[in-house]
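Student: To start, I am sharing the structure in question, which I have written as structure tokens.
The values are calculated or read from the model by the stated rules, or taken from the named source; none is laboratory data. All of these numbers come straight from a predicted model, not from anything done at the bench. Note that we place each Cβ from the backbone using ideal geometry, even for glycine, and neighbour counts take in every protein chain shown.
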């Protein structure tokens, strides 16, 4: 766990050292507002089995490659995907991207709101630093 204060918020960062389960997460950046210990929202770098299976079947990634996605989950249940990485990026790359989204804003490639059964894709894929651009996949997203 890493704890830090920047951009008017407190961050707690957790790293999972093994990819376990159907919805594996590598990094979780929990963000709290100054003076409030409760989570305001969090970013995660995950790699889900269903996404990787679809990417392999569609030829988006080669055998042995794995997709990782950067998501933000807000209180109240909204979700936004800020792009995909082909294979695992470094912690520094993910941290830099999260800080850029927080400081400058960022346009997600897709997102969903609670109570809505549809996602909102953008017309263009979102590229993350040092990554191959991968068009967001049209696969069902679990809750």
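Student: Based on this model, can you work out whether residue 45 counts as within 17 Å of the chain's Cα centre (by Cα) and without any contact (Cβ under 8 Å) to a residue 24 or more places away in the chain?
Tutor: So residue 45 fails the test.
Student: A further question follows. In the stretch 81-97, which residues are part of a strand (DSSP E or B), within 21 Å of residue 32 (Cα to Cα) and either without any contact (Cβ under 8 Å) to a residue 12 or more places away in the chain or in contact with a helix residue (DSSP H, G or I) (Cβ under 9 Å, 6 or more places away or on another chain) (or both)?
Tutor: Result: 82, single match.
Student: Let me ask you something else. Let me confirm something: among 103, 109, which residue is at pLDDT 75 or above and under 14 Å from residue 72 (Cα atoms)?
Tutor: Testing whether each residue is at pLDDT 75 or above and under 14 Å from residue 72 (Cα atoms) leaves just 109.
Student: For the stretch 1-76, give me every one of the strands (runs of 3 or more DSSP E) that falls completely inside it and has 1 or more residues that are at pLDDT 90 or above and in contact with a strand residue (DSSP E or B) (Cβ under 8 Å, 6 or more places away or on another chain).
Tutor: Per the criteria, 9-15, 23-33, 41-48, 67-74.
Student: Go over the candidates 53, 100 one by one and state the one that is out of contact with any helix residue (DSSP H, G or I) (no Cβ under 7 Å at 6 or more places or on another chain), surrounded by fewer than 18 Cβ atoms within 10 Å (Cβ to Cβ) and more than 26 Å from residue 18 (Cα to Cα).
Tutor: From the options 53, 100, the qualifying one is 100.
Student: Another question about this same structure. Please identify the pairs in which a residue from the stretch 7-33 that is closer than 16 Å to residue 88 by Cβ has its Cβ atom under 7 Å from the Cβ atom of a residue that is exposed (fewer than 14 other Cβ atoms within 10 Å of the Cβ) and modelled with pLDDT of 90 or more, counting only partners at least 6 apart or on another chain.
Tutor: Close Cβ pairs satisfying both conditions: 26/15; 27/15.
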